[in-house]
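The values are calculated or read from the model by the stated rules, or taken from the named source; none is laboratory data. Being a predicted model, the structure only gives us computed values, none of them experimental. Glycine gets a Cβ as well: all are built from the backbone with ideal geometry, and neighbour counts include every protein chain shown.
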Amino acid sequence: MPHVFNSVADNLAVETDRRIALKFAYDGGSFLGFQRQPQGVTVEGSLVHALAKVGAISSARECGYRSSSRTDRGVSALCNIISFRTSFPTSALCAAVNSEMEDVWAYSAIEVPDAFNPRGARQRWYRYYLPKSGQDPRLLRELASRFVGVHDFSGYARKDDRNPMRSIDSVTVEDAGMFYTVDFRAESFLWNMVRRIVWMMNEGSSGRMDLDSIGPKPKKKPVRVGLSPPEYLVLMDIDCGVEFPADQRALVGIRLAVEARLRKNAMGTAFASLLGERVV
């Protein structure tokens, strides 16, 4: 597709350099993860490349780039947020970067104070689509309740140097046809934390694990803690304390992409349907 947005931007009133927050969705199955890597296509790399190509930034370093949440390979998002300084017209930004990306869709851009950092979100909401395979829904909900509150989640995350104490606001389970949806809300999560918790909940509710070994403070040490597949996990929303009105021009292209996603497999259909609800 010919690149046209530089010429469009040239015809718009030049805005002063200021900090912009950009909200976007993406299909995680198309990327090696969110964070930029030396090799391979990532969500962040695609965003930075698109922003530079349309002339919104010169580089991530020089524009004061900041990001909210780093999702693993295969994990999708209906909402993630980055911020950066730019003089590019805000009203044209979403449509411009969308013209240079595939499987990433920007749908809201707003001006924010320069101190704004999306990393310091009030709350993050993740949803896991757990395929039905004989789980006891009553047990699923009981096991979910064990993880609510402030706990040491070192047994449910990949080891790193971060504080393992986390406060989970809620974990809810709902029947969603061919899936159970498991919704997690918290200010922050550890690496792989949601997928490990879901794995334990699934094993316990299916009768394959002693229930006394499940939870942040189990009565018995679990034999192992596995990792649920990433393609069923979606970052649903991030509350940064600001409103993000949708860019109507950007939604036109996103709707076309959603229609294509509806032809994919069951998980792709679920993600596409969610994205459709968000943008239609």
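Looking at Ile82 and the list (1) within 17 Å of Lys23 (Cα to Cα); (2) of a type outside the set (Lys, Arg); (3) part of a helix (DSSP H, G or I), which single condition is not satisfied?
(3)
Looking only at the range 204-224, count how many residues are surrounded by 17 or more Cβ atoms within 10 Å (Cβ to Cβ), assigned to a loop (DSSP other than H, G, I, E, B) and touching a residue at least 40 places away in the same chain (Cβ under 8 Å).
Summing the residues that are surrounded by 17 or more Cβ atoms within 10 Å (Cβ to Cβ), assigned to a loop (DSSP other than H, G, I, E, B) and touching a residue at least 40 places away in the same chain (Cβ under 8 Å) in the range 204-224 gives 4.
Of the residues Ala56, Ala115, Ala109, which single one is more than 22 Å from Asn192 (Cβ to Cβ) and surrounded by fewer than 22 Cβ atoms within 10 Å (Cβ to Cβ)?
Within the list Ala56, Ala115, Ala109, the selection yields Ala115.
List the strands (runs of 3 or more DSSP E) inside the range 109-188, counting only whole elements, that have at least 2 residues being of a type in the set (Lys, Arg).
Qualifying strands (runs of 3 or more DSSP E): 123-131.
Only one residue in Ile82, Ile168 is of a type in the set (A, V, I, L, M), within 29 Å of Gly45 (Cα to Cα) and at pLDDT 95 or above. Which one?
Of Ile82, Ile168, the one residue that is of a type in the set (A, V, I, L, M), within 29 Å of Gly45 (Cα to Cα) and at pLDDT 95 or above is Ile82.
From Gly33, Gly64, grab the single residue that is assigned to a loop (DSSP other than H, G, I, E, B) and either buried (at least 19 other Cβ atoms within 10 Å of the Cβ) or basic (Lys, Arg) (or both).
None of the others qualify; the one that does is Gly33.
Met201 - would you say it is hydrophobic (A, V, I, L, M, F, W, C) and in contact (Cβ under 8 Å) with a residue 40 or more places away in the chain?
In short, yes.
Restricting attention to the range 60-91, and to residues there that are free of Cβ contacts under 8 Å to residues at least 60 places away in the same chain and either touching a helix residue (DSSP H, G or I) at 6+ places or on another chain (Cβ under 7 Å) or aromatic (Phe, Trp, Tyr) (or both), which single residue is nearest to Glu187 (Cα to Cα)?
The residue in question is Ser67.
From the list Ser188, Ser154, Ser170, exactly one residue is among the hydroxyl-bearing types (Ser, Thr, Tyr), without any contact (Cβ under 8 Å) to a residue 60 or more places away in the chain and closer than 17 Å to Trp125 by Cα. Which is it?
Ser170
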